[in-house]
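Contents: one structure, followed by commentary.
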Amino acid sequence: MTQTPASSNVMTSTRERILVAAVEEFGEKGFAAATVRAICSRAKANVAAVNYHFQDKQALYAAVLETIVAEAFEQYPADKDMEPDKAPRQRLQAFVRNALMRFLHKGDFGGNPHALKLIHREVMDPSPAMEKIIFRYFVKVRDQLHGLIRDYLGQDARPELVMRCSASIMAQCNQMVFANKVISRMHPGIPAPIDDVHGTVDHIVAFSLGGLEQTLAREQGNTTPTTPL
């Protein structure tokens, strides 16, 4: 489709300025407290531009979420380094690294701390817009992790057990990212989790494998830990 270069550039510039400003406004204040007027003021755009490019505030918010999550998955796709012929431990290593780096690529979710705050809000209290993101991007991630867990626990592992193991692994990833500043203040002198991503990945993988080993032993009726606690 042929476009007029001048008008195309102006439209793209205005739309992208609004998106950037919206990430900041929604990240700082949340959806309810953020206003279209404040977003347009940040973007140096007319209020009517939001209606033109996004229809309304709700659609703008959905576009913001889609943009930042899509960029994260473009950088670190769900199947990055997850080839099925790799050993389960290698795939778990890749899975954890991808999960962390989606938040940390270029620092703070694409170099924008406001985006990280916005995603944190959505993790704690998903909006209708996030529901669509979950099914579009994160269901595949969930299925990958469930498959990895079944490689360790057995393909007939109980669904609720697989879910709990999956949630435990993801909780470590989320904690390392969202609580990074608190952790660094509680443990001064020790590198913060996101300042040592490789070390953090190695720890989460080792800790998770230990947990899976103990879980499998319990499921098999062996209540004696295989390693001293």
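Taking the chain as a Gaussian network, where each spring joins two C-alpha atoms under 10 Å apart, which residue of Gln93, Gln175, Gln144 fluctuates the most?
Gln175
Stretched out fully, how many nm does the piece from His120 to Gln214 gain, at 0.36 nm a residue minus the Cα gap?
Length gained between His120 and Gln214: 30.8 nm.
In percent, what relative contact order does the range 68-219 have, based on Cα pairs under 8 Å that are 6 or more apart in sequence?
With pairs under 8 Å counted, the relative contact order is 25 percent.
Once you charge only the Cβ atoms, +1 for Lys and Arg and -1 for Asp and Glu, what is the size of the charge dipole of the chain about its Cα centre, to the nearest 20 debye?
With Lys and Arg at +1 and Asp and Glu at -1, about 520 debye.
Can you list, largest first and rounded to whole Å, the semi-axes you get for the chain by taking the square root of 5 times each eigenvalue of its Cα gyration tensor?
For the chain, the semi-axes come out at 40, 19, 16 Å.
Treat the count of other C-beta atoms within 10 Å as a stand-in for reagent exposure and order Met101, Met124, Met130 from fewest to most.
Ascending number of Cβ neighbours within 10 Å: Met124, Met101, Met130.
For a quick check: sort Ile194, Ile68 by the number of other beta carbons within 10 angstrom, fewest at the front.
Ile194, Ile68
For a test of the definition: using alpha carbon positions, the gyration tensor, and the 1.5 limit on a/c, classify the range 128-229 as rounded, prolate or oblate.
Note, shape of the range 128-229 comes out oblate.
Comparing Ala171, Ala70, Ala99, which has the greatest mean-square fluctuation in the GNM of the chain with Cα pairs linked when under 10 Å apart?
Its mean-square fluctuation being the largest, the pick is Ala171.
Fewest first, what order do Arg97, Arg136, Arg150 take by the number of other Cβ atoms within 10 Å?
Numbers: Arg97 21, Arg136 13, Arg150 16.
Placing the least packed residue first, the sequence is Arg136, Arg150, Arg97.
Taking the chain as a Gaussian network, where each spring joins two C-alpha atoms under 10 Å apart, which residue of Ala78, Ala32, Ala59 fluctuates the most?
Between Ala78, Ala32, Ala59, it is Ala32 that shows the largest mean-square fluctuation.
Read-outs throughout are calculated quantities, based only on the coordinates presented, and are distinct from any laboratory measurement. Predicted model, so just to flag it, every value in this text is computed and none were measured. As a convention, Cβ positions derive from the backbone with ideal geometry for all residues, glycine included, and neighbour counts pool all protein chains shown.
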